Amino acid sequence: MSSEGNNKSRVDQFTGVASLTSRTLKLSGRDVTIRLEPSYWEGLEEICRREDLTVDELCYDVRDRMEQQGRRSSQAGVSLANALRVFVVGYFRQAATERGHARAGHGQGRPFIATPFDIVPVTSDS
């Protein structure tokens with residue numbers, strides 16, 4: 001990967017560190033507005049591409065499973081937005097491998113590498 005491509009990917013990572021973004025989904029024929037950080041929306045879109053689902057379909061399935069679990073537990077009142085955040089993190093954690101962590105530079109005492117909080121050194125052109 002070229003230096004320019006590497007810088008682009010680092011810049012793109014910062015889009016996830018932003019205010020909540022609202023989207024209106026169609027769940028069971030009803031409009032439902034969800035507010036998530038951009039990085040979670042991007043994660044949901046990536047999951048949907050991999051799983052051949054629409055965002056609406058995936059969010060409906062998460063809500064359905066959340067409601068099924070809610071009937072079996074005492075933890076009522078969890079919002080769909082919170083459930084989606086937990087789902088996205090869980091999905092990608094299951095996909096993480098030791099080899100992938102090594103490729104990402106993890107395990108070297110620098111946990112912020114390739115995250116929205118990675119600080120890119122400023123270089124002088126002169």
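The values are calculated or read from the model by the stated rules, or taken from the named source; none is laboratory data. All figures in this text were calculated on a predicted structure; none of them were measured in a lab. Note that each Cβ is placed from the backbone with ideal geometry, even for glycine, and that neighbours are counted across all protein chains shown.
Here is a check on your reading of the model: is Ala104 surrounded by 12 or more Cβ atoms within 10 Å (Cβ to Cβ) and modelled with pLDDT under 90?
On the way: surrounded by 12 or more Cβ atoms within 10 Å (Cβ to Cβ): yes; modelled with pLDDT under 90: yes.
Considered against the rule, which asks whether it is surrounded by 12 or more Cβ atoms within 10 Å (Cβ to Cβ) and modelled with pLDDT under 90, Ala104 comes out as yes.
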Please work out which one of (1) within 13 Å of the chain's Cα centre (by Cα); (2) at pLDDT below 80; (3) small (Gly, Ala, Ser) is the condition Ala81 fails and give its number. (2)
Go through Phe87, Phe92, Phe112 for me and flag whichever is more than 25 Å from Arg50 (Cα to Cα) and within 17 Å of the chain's Cα centre (by Cα). Phe112
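Counting only residues that are touching a Pro at 6+ places or on another chain (Cβ under 6 Å) and not hydroxyl-bearing (Ser, Thr, Tyr), how many does region 19-48 have?
We begin by selecting, within region 19-48, every residue touching a Pro at 6+ places or on another chain (Cβ under 6 Å); these are 21.
Filter once more, keeping what is not hydroxyl-bearing (Ser, Thr, Tyr): none.
Final tally of qualifying residues: 0.
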Selection count where residues are at pLDDT below 95 and among the acidic types (Asp, Glu), scope region 9-36: 1
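Scan region 52-71 for residues that are farther than 17 Å from Val86 by Cβ, surrounded by 12 or more Cβ atoms within 10 Å (Cβ to Cβ) and without any contact (Cβ under 8 Å) to a residue 24 or more places away in the chain and report the count. Spell out the reasoning first.
Our first condition is that a residue be farther than 17 Å from Val86 by Cβ; within region 52-71, this holds for 52-54, 56-57, 71.
Now restrict to residues that are surrounded by 12 or more Cβ atoms within 10 Å (Cβ to Cβ): 53-54, 56-57.
Next, only the ones that are without any contact (Cβ under 8 Å) to a residue 24 or more places away in the chain stay: 53-54, 57.
Qualifying residue count for the region: 3.
Restricting attention to region 90-97, does a residue exist that is at pLDDT 95 or above, part of a helix (DSSP H, G or I) and surrounded by 13 or more Cβ atoms within 10 Å (Cβ to Cβ)?
Residues of region 90-97 that are at pLDDT 95 or above, as a first pass: none.
Scanning region 90-97, I find no residue that is at pLDDT 95 or above, part of a helix (DSSP H, G or I) and surrounded by 13 or more Cβ atoms within 10 Å (Cβ to Cβ), so the answer is no.
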Could you list all residues from region 87-126 that are in contact (Cβ under 8 Å) with a residue 12 or more places away in the chain and not hydroxyl-bearing (Ser, Thr, Tyr)? Phe87, Val88, Phe92, Ala114, Pro116, Phe117, Asp118, Val120
